[in-house]
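Chemist: Okay, here's the structure, questions in a sec.
The values are calculated or read from the model by the stated rules, or taken from the named source; none is laboratory data. Source: prediction; values computed, not measured. Cβ sites come from the backbone with ideal geometry, for glycine too, and all protein chains shown count toward neighbours.
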Amino acid sequence: MRRYRKNLVAFLFEITQGIYTKYFKKNKPWNLTKLDLLKYTKTSFGYKLGVFLDQNGFDLIPKAERHDAYHVITGYTSKEEDEIALQYLCFGNGKRSLYLYGVVCLGTIILPEYYRYYLKSYHLGKNLNRFYDLDFKGLLKTDFQTLKTSIFNKNQLKNETLNTTI
């Protein structure tokens, strides 16, 4: 039964991401490919983003590139429960959007067994330095560890189980 509900969440993400980026996102696309990112130095945020995309079989979604940046910065995977938890983390960090509200509400209803994980993610987001609205395209050449230490405190960095589910 859980697999069915996770498939429903994946289906909803598939349908809504294109609609949301086309009709609601006002930012400009980065006009970069996964291969462009993999040309950055191996210690850079851009390279780490390219590796994340490559390992998951993804490409950058125009106008929604920052979402994949959130995954790389926080360590959350692309599993359905992590996608929802990532939105909780961003909500805790101050992000507000119609899409975020929809994911948080529907995700909690469809996969309620992860609620403690979602709350943990929300509280983590509240305790991180503000990152959800950074100019991630402008940070692609930045050393990845330097970027992470500007967002996470030392105790959070030591606890590399940031995305531990239930």
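Chemist: Can you tell me which residue in region 85-98 is nearest to N155 (Cα to Cα), limited to those that are of a type in the set (A, V, I, L, M) and at pLDDT 95 or above?
Modeler: L89
Chemist: From Y101, Y122, Y70, Y114, which residue is at pLDDT 95 or above, hydroxyl-bearing (S, T, Y) and under 30 Å from K39 (Cβ atoms)?
Modeler: On inspection, the qualifying residue turns out to be Y70.
Chemist: Which one of the conditions (1) of a type in the set (D, E, K, R); (2) modelled with pLDDT of 95 or more; (3) under 21 Å from G107 (Cα atoms) does E14 fail to meet, given that it meets all the rest?
Modeler: (2)
Chemist: In region 97-111, is there at least one residue being in contact with a Leu (Cβ under 8 Å, 6 or more places away or on another chain) and more than 23 Å from R3 (Cβ to Cβ)?
Modeler: Start the filter on region 97-111 by keeping residues that are in contact with a Leu (Cβ under 8 Å, 6 or more places away or on another chain), which leaves 106, 110.
Of the ones still in play, those that are also more than 23 Å from R3 (Cβ to Cβ) are none.
Scanning region 97-111 turns up no residue that is in contact with a Leu (Cβ under 8 Å, 6 or more places away or on another chain) and more than 23 Å from R3 (Cβ to Cβ).
Chemist: Spot the failing condition for K28; the list is (1) within 30 Å of N153 (Cα to Cα); (2) more than 16 Å from the chain's Cα centre (by Cα); (3) basic (K, R), and only one is missed.
Modeler: Of everything listed in (1) within 30 Å of N153 (Cα to Cα); (2) more than 16 Å from the chain's Cα centre (by Cα); (3) basic (K, R), K28 misses just condition (1).
Chemist: Name the single residue, out of those in region 135-144 being part of a loop (DSSP other than H, G, I, E, B) and touching a residue at least 24 places away in the same chain (Cβ under 8 Å), that is surrounded by the fewest Cβ atoms within 10 Å (Cβ to Cβ).
Modeler: Of everything passing the filter in region 135-144, K141 is surrounded by the fewest Cβ atoms within 10 Å (Cβ to Cβ).
Chemist: Shifting gears a bit: Residues that are farther than 30 Å from M1 by Cα, of a type in the set (S, T, N, Q) and surrounded by 13 or more Cβ atoms within 10 Å (Cβ to Cβ): does region 80-87 have at least one?
Modeler: No, region 80-87 contains no residue that is farther than 30 Å from M1 by Cα, of a type in the set (S, T, N, Q) and surrounded by 13 or more Cβ atoms within 10 Å (Cβ to Cβ).
Chemist: Looking for whichever is modelled with pLDDT under 95 and more than 18 Å from T77 (Cβ to Cβ) here; the options are K26, K42. Which one fits?
Modeler: Only one candidate qualifies: K26.
Chemist: Next question. For E65, which of the numbered conditions (1) touching a Pro at 6+ places or on another chain (Cβ under 8 Å); (2) modelled with pLDDT of 95 or more; (3) over 26 Å from Q156 (Cα atoms) fails to hold?
Modeler: Looking at each condition in turn, E65 falls short on (3).
Listed here are the residues, each with its yes/no results for (1) out of contact with any strand residue (DSSP E or B) (no Cβ under 9 Å at 6 or more places or on another chain); (2) buried (at least 16 other Cβ atoms within 10 Å of the Cβ); (3) without any contact (Cβ under 8 Å) to a residue 12 or more places away in the chain; (4) not basic (K, R).
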{"residue": "L12", "(1), (2), (3), (4)": "yes, yes, no, yes"}
{"residue": "T16", "(1), (2), (3), (4)": "yes, no, no, yes"}
{"residue": "Y20", "(1), (2), (3), (4)": "yes, yes, no, yes"}
{"residue": "F24", "(1), (2), (3), (4)": "yes, no, no, yes"}
{"residue": "K34", "(1), (2), (3), (4)": "yes, yes, no, no"}
{"residue": "S44", "(1), (2), (3), (4)": "no, yes, no, yes"}
{"residue": "D54", "(1), (2), (3), (4)": "yes, no, no, yes"}
{"residue": "G57", "(1), (2), (3), (4)": "yes, no, yes, yes"}
